[in-house]
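For reference, the structure is listed below as structure tokens.
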Amino acid sequence: MANTALITGILGQDGPYLAKYLVEKGYKVYGLMRRYSTPHMDNLKFLGIEHSVDFIEGDLSDEASLINIIKNIRPNEVYNLAAQSFVGSSWDQAKLTTEVNSLGVLYLLNSIKFFSPTTKFYQASTSEMFGLSNDDGYQDENTNFHPRSPYGISKVYAYWMTVNFRESYGLFTTNGILFNHESPLRGIQFVTRKITDGVVKIKLGLAETLSLGNLEAKRDWGFAGDYVEAMYLMMQAEKPDDYVIGSGHCHSVREFVELAFKQVGISDWEKYVTIDARFKRPAEVPHLQARANKAFEKLGWKPKVSFEELVKVMVEADMKRLQK
Ligand code: NAP
Ligand code: F7E
């Protein structure tokens, strides 16, 4: 019988990449989505897999909906990708962020514990948990957490709850501590996609300027398609464990902007970029850079798409979309 997987957050960025990856491996994939008046299937359509997923309605803030889903499907694997994932909004919507990102994980873990204890569980943990912690310039599985936003804090709770269900009840639960990963499916609010969309609009004469916040923040950016493979590999490991996933390379927002403009043939980019305090964070995470040696060695995982290729792919995709 085919392996079954439930993916929460199926309509976001990572959900469609993971669904495609698992479908190609022969999995039957269920996708949990909220109730919408009009569901937005664009990301699944972009990858051509909107007909390969069985959709189930549920919400991470509604425990009973999760219990029913786990009880009825009893999937082999649950990938919990659903979240209020935008750091910038988490100060203004701290309660919602906590309910979905922290309590939602507790609800899912309890549903598995009581109704399907052999189900393996993947938690979408994040480099935002490290925040200010940056001992030698890198972060790995031994780095302390010092989150800087309600988002980061909500994910620390979920991280430890995932560890605790493993230690307390012997469940197969694993944390992927993923550093920033992007793609043409990235939400438009996140800085990379905001930049590639804005740069292409300027090139096509559809916009005059691009407003950004802190250009000096540094991130370890990779390609989402590479990172979902790491999620799968963690779930196939003999023993459940927690892994940092990132490229090990770090670039500033400024470098991303410069490269994106260069991609469309604009070198005097400064004259198009304005700084707007509204896009600055009350507390910034200045520098994230992964030391992902554990994943390289134990999972045999390696990222394939470089920073330069990522910028190129994203700019090209926005150009194609906006030229239509
Ligand atoms: P995303 O594009 O924002 O997708 C998140 C998904 O969660 C969306 O489809 C959203 O539904 C869904 N969702 C939100 N609230 C929900 C609720 N109450 N019940 C059910 N579903 C809900 O995020 P992503 O970039 O794919 O990231 C996937 C996961 O990895 C997230 O948990 C994120 O926090 C984490 N993460 C991301 C990165 C990264 O760089 N991308 C790095 C580390 C960790 P709608 O489509 O209706 O909004
Ligand atoms: O910001 C700076 C901003 O919103 C990156 C999520 O997927 O990755 C993501 O969180 C940096 C920050 O991503 C703008 O201050 C400057 O330093 O693209 P972002 P994020 O906050 O790193 C982690 C790993 C996750 O887990 C999250 O779910 O860029 N920045 N100017 C800006 N950021 C935005 N959004 N908009 C600006 O105008």
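Could you please find all residues in region 174-198 being free of Cβ contacts under 8 Å to residues at least 40 places away in the same chain and not basic (Lys, Arg)?
The initial filter retains those residues of region 174-198 that are free of Cβ contacts under 8 Å to residues at least 40 places away in the same chain, namely 188, 194, 198.
If the condition is that a residue be free of Cβ contacts under 8 Å to residues at least 40 places away in the same chain and not basic (Lys, Arg), then Ile188, Gly198 are the ones that fit.
Do we find a residue being part of a loop (DSSP other than H, G, I, E, B) and either farther than 20 Å from Met235 by Cα or not charged (D, E, K, R) (or both) anywhere in region 307-314?
No, region 307-314 has no match at all.
Among Lys95, Lys71, which is the only one that is away from ligand 1 (no atom under 12 Å from the Cβ) and closer than 22 Å to Arg148 by Cα? Full working, then the answer.
Values: Lys71 fails: closer than 22 Å to Arg148 by Cα.
After applying the criteria, what remains is Lys95.
For the subset of region 21-53 comprising residues that are part of a helix (DSSP H, G or I) and out of contact with any Ser or Thr (no Cβ under 8 Å at 6 or more places or on another chain), which member is farthest from ligand 2 (Cβ to nearest atom)?
Taking region 21-53 and keeping what is part of a helix (DSSP H, G or I), we get 21-24, 42-46.
Restricting the remaining residues to those that are out of contact with any Ser or Thr (no Cβ under 8 Å at 6 or more places or on another chain) gives 21-22, 24, 42-46.
Details: Tyr21: 19, Leu22: 21, Glu24: 24, Asp42: 18, Asn43: 14, Leu44: 19, Lys45: 22, Phe46: 18 Å.
Once the filter is applied, the top-ranked residue is Glu24.
Can you say whether Lys312 is more than 15 Å from Thr192 (Cβ to Cβ) and not aliphatic (A, V, I, L, M), as far as the supplied structure shows?
Working: more than 15 Å from Thr192 (Cβ to Cβ): no; not aliphatic (A, V, I, L, M): yes.
For Lys312, the condition - more than 15 Å from Thr192 (Cβ to Cβ) and not aliphatic (A, V, I, L, M) - is not met.
For (1) among the aliphatic types (A, V, I, L, M); (2) within 16 Å of ligand 2 (Cβ to nearest atom); (3) touching an Asp or Glu at 6+ places or on another chain (Cβ under 9 Å), each residue gets a yes or a no:
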{"position": "Thr126", "(1), (2), (3)": "no, yes, no"}
{"position": "Asp135", "(1), (2), (3)": "no, no, no"}
{"position": "Ser149", "(1), (2), (3)": "no, yes, yes"}
{"position": "Lys155", "(1), (2), (3)": "no, yes, yes"}
{"position": "Gly170", "(1), (2), (3)": "no, no, no"}
{"position": "Arg186", "(1), (2), (3)": "no, yes, no"}
{"position": "Lys201", "(1), (2), (3)": "no, yes, yes"}
{"position": "Gly213", "(1), (2), (3)": "no, yes, yes"}
{"position": "Lys218", "(1), (2), (3)": "no, yes, yes"}
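Look through Glu229, Glu297, Glu238 and report the one residue that is of a type in the set (Asp, Glu) and part of a loop (DSSP other than H, G, I, E, B). Don't jump to the end; show me each part of the working.
On the way: Glu229 fails: part of a loop (DSSP other than H, G, I, E, B); Glu297 fails: part of a loop (DSSP other than H, G, I, E, B).
Being of a type in the set (Asp, Glu) and part of a loop (DSSP other than H, G, I, E, B) holds for just one of Glu229, Glu297, Glu238, which is Glu238.
Among residues belonging to region 21-38 that are under 20 Å from Phe86 (Cα atoms) and under 20 Å from the mean Cα position of the chain (by Cα), point out the one that is surrounded by the most Cβ atoms within 10 Å (Cβ to Cβ).
Leu32
Working carefully through the options Leu60, Leu18, find the one that is closer than 27 Å to Thr98 by Cα and either within 7 Å of ligand 1 (Cβ to nearest atom) or open to solvent by 70 Å² or more (accessible area, probe 1.4 Å) (or both).
Within the list Leu60, Leu18, the selection yields Leu60.
From Trp301, Trp221, grab the single residue that is closer than 28 Å to Ser89 by Cβ and open to solvent by less than 20 Å² (accessible area, probe 1.4 Å).
Numbers: Trp301 fails: closer than 28 Å to Ser89 by Cβ.
Answer to the selection: Trp221.
Any residue at all in region 84-97 that is surrounded by fewer than 23 Cβ atoms within 10 Å (Cβ to Cβ), within 22 Å of Phe165 (Cα to Cα) and modelled with pLDDT of 95 or more?
For region 84-97, residues surrounded by fewer than 23 Cβ atoms within 10 Å (Cβ to Cβ), within 22 Å of Phe165 (Cα to Cα) and modelled with pLDDT of 95 or more: absent.
The values are calculated or read from the model by the stated rules, or taken from the named source; none is laboratory data. In this text the structure is predicted, and so the values were computed from the model without any measurement. Note that each Cβ is placed from the backbone with ideal geometry, even for glycine, and that neighbours are counted across all protein chains shown. Ligands, DNA and RNA are excluded from the accessible area calculation, which covers all protein heavy atoms including side chains. Shrake-Rupley method; radii C 1.70, N 1.55, O 1.52, S 1.80 Å.
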